[in-house]
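Asks: Here it is, the structure in full.
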Amino acid sequence: MEDLILEIQNKNSFSFNETFSIYKKCSSLIFKDKISAQKLVINILDNLFKFDKSLHNILTNLVESIGFYPYLVKEKFTLDSTDSQIRKNYHYSENINKFLHEDQKYLLSLLNTDKNIIVSAPTSFGKSLLIEEFIASRKFKNIIIIQPTLALLDETRQKLRKYDDSYKLIVKTSQNSSDDKGNIYLFTAERVNEYQDFRHIDFIIVDEFYKLSSQRDDERADSLNNAFHYILKKYNSKFYLLGPNIDKISDGFEEKYNAFFYKTKTSLVDTNSIDIYSQHQQKFQQPRKYKEYKEEVLFNLLLEKINEQNIIYCSSPARVRYLAKKFSNFIESKINSFNEVKFEIFEWIEKNISPQWSLIEIFKKRIGIHDGALQKHITTSVIDYFNKGLLNYLFCTTTIIEGVNTSAKNIFFFDSTKGMNTKIDYFDYSNIKGRAGRLMIHYTGTIYNFNPIPKNEIIKIDIPFFEQNPISNEILIQLDESEIKDKSSEQYKFINGISNEEKYVIRKNGVQVTGQLSIINQLRKDISNNYELVCWSGFPKKEQLAYTLALAWHHLLKEGESVKPMTLNSLITVTKIYSSNHNIWDLINSNFNYYKTLSKYKDTSDSDLMDEAIRNSFQILKHWFEYKIPKWLSVIDSLQRFVCSEQGLRPGNYSHFANQIENDFLRENLTILTEYSIPSSAIRKLETLIPPDKSQDEVISLIRERRIFDNEIFLSYEKTKLKII
């Protein structure tokens, strides 16, 4: 069949007899190997203009036979029999006004039983469409949707906005649930664990559920296990777990939770693989010596695809920026007159970051970047521009796998690692490959492999809170006695030896058990002689901040957790700078001036130094200020309260400072707008237009109803962002 597909791709046209012969082969294949038949039909549709039109009625029946009803609509094929029309209409959803393909309809029928469903399906299956189907059906009143990144949650929020007559969309833990209508909680796992105002949960959806696994080297697996376990235990909710390319789950999980594991290979997009590595193996095997050579091979290939959309996988944010900038210069050297593009975001960058930031120049060449270090409003803009075809190239990190819903005609598997040392395994590779070809836009996509394809392996997702082999202390401490499988283990004996009072506060925090115990003991030693160092409120003095961050740094980091290039002293310094000035530009400027003093940067241009200062500052903002430090402050705050209670002392209160750091020092009732990908520059301007006594929900209503976004105080880019909340 591979030879036949190659013939379809390479031949210019097929005669009546040739067309009939290929359709006949496809027909016989449907009964022997349906997945191969689907692959063949997809390639026929991708080259439809080559085939004899007089036989389109046969092709229509083939498309219907494999259950690809969305493609019947896409190609405007007409079914000629009554029974075919009945089958087609059976696959129509009035809730979302779309046709489902056969496998989607089957999966929907499973979800409508009393069974919980765990589904493994390719990226281009359309698993998330069924989420909207369930929302639109109004079958469940209160629903939690857990996704791994805030960017994904924001995409989901925008899709579900149309249902706000029936549901309140809750995106921030400071929002209250509604009693008048249903609630959809759009949360990361951490936020599920923090939220205090759930109504009875009828349905929980866990997207990218492979992140439950203890084997996937994800530092947030504990939070996801605890969130999912908590909801199941408290509400006995129906659940839908979805993810790609998974072969097995923990033995016994289906029986325990009345679940059905459904694995399908059905995909509405076919992916071609091009082996670039073998063509250049001798040089690609020596990446240091032939670095420039490998880059030139990539850049020449990208230039050939200048009229298509391309995603390039890179190992780190630094690599993303390096390769994007270098490719931008390559385009400039090869094309004399390039039709540069102007974007609204340019003005915002010039006024709020720096006119020297190279992102402006690479955007002009239709090149985008996407990684975990960028501010959320920038990443959502990049994806919006890319999905609209305004950008042709997207240099990405692993955010291509889990952080964003986008695809491209071509994927370039350029770097072979995640970060410096972790090799991309077959599971990651399959997920990268799955981004090739966009559902209902492309029938086929192509992955260009610049590295050997990782060895194929069976992917089993363990569920630690259930399987408990292995299980972390952070998950084990959350389990009831009746749930623990091995009470003879040293791990259980350690957890069981913690006092009930200590266990209560440690459980609530949900992080490093041994680290929290060490902090409690340290606080007990320090609090009598250094009360003011421990029990501060409001904004801390430098020595109070240093003490608190040192406790967290030494006791709350996970073993092997990467912090480079951050050091404890640097973290204290940048936190003090940011909490004093409340301005990302001051942090960028401080980094830039510091780099100027380092000998390793003596030959680096000011523009490259500025790029590095911006990248590092954004990384600090995203990882440390928006996530890590607020969590640490919350944990240590609870521990100092516990120790003070023991000793009859008045505790400190870190919560105000933690909230200020996490929310970019914005006014409290406006912080919800950060969840809507609104830049902080626009939010600060809203302080003059919206009273401080308005609730977060009222803020959203005011902006929409009074069209506050039309005010001339806002830049064009800010207006665009505010219009879509």
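Asks: Starting from residues that are touching a Gly at 6+ places or on another chain (Cβ under 7 Å) and crowded, with 20+ Cβ neighbours inside 10 Å, keep the ones in the stretch 535-577 and report whichever is farthest from A658 (Cα to Cα).
Replies: If we take residues in the stretch 535-577 being touching a Gly at 6+ places or on another chain (Cβ under 7 Å) and crowded, with 20+ Cβ neighbours inside 10 Å, then H555 is farthest from A658 (Cα to Cα).
Asks: Checking L169 against (1) within 27 Å of G372 (Cα to Cα); (2) free of Cβ contacts under 8 Å to residues at least 60 places away in the same chain; (3) open to solvent by less than 20 Å² (accessible area, probe 1.4 Å); (4) part of a strand (DSSP E or B), which single condition isn't satisfied?
Replies: (3)
Asks: Output the number of the condition that D80 fails; it satisfies all remaining conditions of (1) outside any helix (DSSP H, G or I); (2) surrounded by fewer than 20 Cβ atoms within 10 Å (Cβ to Cβ); (3) charged (D, E, K, R); (4) in contact (Cβ under 8 Å) with a residue 24 or more places away in the chain.
Replies: (4)
Asks: Let me ask something additional. Find the residue count for the stretch 457-471, including only residues that are under 23 Å from I424 (Cα atoms), open to solvent by 50 Å² or more (accessible area, probe 1.4 Å) and either assigned to a loop (DSSP other than H, G, I, E, B) or free of Cβ contacts under 8 Å to residues at least 24 places away in the same chain (or both).
Replies: Matching residues across the stretch 457-471 total 3.
Asks: Which one of these is modelled with pLDDT under 95 and either under 22 Å from K576 (Cβ atoms) or more than 30 Å from the chain's Cα centre (by Cα) (or both): S537, S528? Walk me through it before giving the result.
Replies: On the way: S537 fails: modelled with pLDDT under 95.
Only one candidate qualifies: S528.
Asks: Are any residues in the stretch 113-136 within 24 Å of S250 (Cα to Cα), open to solvent by less than 10 Å² (accessible area, probe 1.4 Å) and over 20 Å from the mean Cα position of the chain (by Cα), and if so, which ones?
Replies: I117
Asks: State all residues of the stretch 710-720 that are of a type outside the set (S, T, Y), touching a residue at least 12 places away in the same chain (Cβ under 8 Å) and either open to solvent by 20 Å² or more (accessible area, probe 1.4 Å) or farther than 19 Å from K351 by Cα (or both); if no residue qualifies, say none.
Replies: Filtering the stretch 710-720 for residues of a type outside the set (S, T, Y) gives 710-715, 718-719.
Adding the requirement that they be touching a residue at least 12 places away in the same chain (Cβ under 8 Å) leaves 711, 713-715, 718.
N711, I713, L715, listed by residue number.
Asks: I want to confirm something. Restricting to the stretch 4-14 and keeping residues that are assigned to a helix (DSSP H, G or I) and open to solvent by 50 Å² or more (accessible area, probe 1.4 Å), which single residue is farthest from K50 (Cα to Cα)?
Replies: L6
Asks: Of the numbered conditions (1) touching a Leu at 6+ places or on another chain (Cβ under 9 Å); (2) hydrophobic (A, V, I, L, M, F, W, C); (3) more than 28 Å from P70 (Cβ to Cβ), L268 fails exactly one; give the number of that condition.
Replies: So L268 meets the others, but not (3).
Asks: Determine, yes or no, whether I96 is out of contact with any His (no Cβ under 8 Å at 6 or more places or on another chain) and not in a loop (DSSP other than H, G, I, E, B). Even if it seems obvious, please write down each step before you answer.
Replies: On the way: out of contact with any His (no Cβ under 8 Å at 6 or more places or on another chain): yes; not in a loop (DSSP other than H, G, I, E, B): no.
Against the criterion (out of contact with any His (no Cβ under 8 Å at 6 or more places or on another chain) and not in a loop (DSSP other than H, G, I, E, B)), I96 does not qualify.
Asks: What pairs come up if the first residue lies in the stretch 246-273 and is closer than 13 Å to I118 by Cα and in contact (Cβ under 8 Å) with a residue 12 or more places away in the chain, the second is among the acidic types (D, E) and assigned to a helix (DSSP H, G or I), and their beta carbons are under 7 Å apart, counting only those six or more places apart or on different chains?
Replies: Once the first residue is closer than 13 Å to I118 by Cα and in contact (Cβ under 8 Å) with a residue 12 or more places away in the chain and sits in the stretch 246-273, its partners that are among the acidic types (D, E) and assigned to a helix (DSSP H, G or I) give S250/E467; F260/E254; F261/E254; T264/D103.
Asks: Could you please let me know if I584 is open to solvent by less than 60 Å² (accessible area, probe 1.4 Å) and at pLDDT 90 or above?
Replies: Values: open to solvent by less than 60 Å² (accessible area, probe 1.4 Å): yes; at pLDDT 90 or above: no.
It is false that I584 is open to solvent by less than 60 Å² (accessible area, probe 1.4 Å) and at pLDDT 90 or above.
Asks: Is it true that some residue in the stretch 701-709 is in a loop (DSSP other than H, G, I, E, B) and surrounded by 13 or more Cβ atoms within 10 Å (Cβ to Cβ)?
Replies: Our first condition is that a residue be in a loop (DSSP other than H, G, I, E, B); within the stretch 701-709, this holds for 706-707.
With surrounded by 13 or more Cβ atoms within 10 Å (Cβ to Cβ) added as a condition, the list becomes none.
Within the stretch 701-709, none of the residues are in a loop (DSSP other than H, G, I, E, B) and surrounded by 13 or more Cβ atoms within 10 Å (Cβ to Cβ).
Asks: Let me ask you something else. Looking only at helices (runs of 4 or more DSSP H) that lie completely in the stretch 296-404, which have at least 2 residues being under 29 Å from S128 (Cβ atoms) and either open to solvent by 20 Å² or more (accessible area, probe 1.4 Å) or in contact (Cβ under 8 Å) with a residue 40 or more places away in the chain (or both)? Break it down stepwise before answering.
Replies: Numbers: elements: 317-334, 345-352, 359-364, 376-387, 399-402.
The helices (runs of 4 or more DSSP H) meeting that bar are 317-334, 376-387, 399-402.
Asks: Restricting the search to the stretch 15-63, which residues are over 38 Å from the mean Cα position of the chain (by Cα), surrounded by fewer than 20 Cβ atoms within 10 Å (Cβ to Cβ) and not in a helix (DSSP H, G or I)?
Replies: Hits for the stretch 15-63 are S15, D52.
Asks: So, of the residues in the stretch 412-430 that are crowded, with 16+ Cβ neighbours inside 10 Å and in a strand (DSSP E or B), which turns out to be modelled with the lowest pLDDT?
Replies: In this case the residue turns out to be K418.
Asks: So which residues in the stretch 431-448 are among the polar types (S, T, N, Q) and buried (at least 21 other Cβ atoms within 10 Å of the Cβ), if there are any at all?
Replies: First, pick out the residues of the stretch 431-448 that are among the polar types (S, T, N, Q): 431, 444, 446.
Within the stretch 431-448, N431, T446 meet the criteria.
Asks: Among (1) without any contact (Cβ under 8 Å) to a residue 40 or more places away in the chain; (2) farther than 20 Å from T548 by Cα; (3) surrounded by fewer than 22 Cβ atoms within 10 Å (Cβ to Cβ), which single condition is I683 missing?
Replies: For I683, the exception is condition (3).
The values are calculated or read from the model by the stated rules, or taken from the named source; none is laboratory data. Since this is a predicted model, take the numbers as computed values, not measurements. All Cβ positions, glycine included, derive from the backbone under ideal geometry; neighbour counts span all protein chains shown. Calculation scope for accessible area: heavy atoms of the full protein, side chains included, ligands and nucleic acids excluded. Shrake-Rupley method; radii C 1.70, N 1.55, O 1.52, S 1.80 Å.
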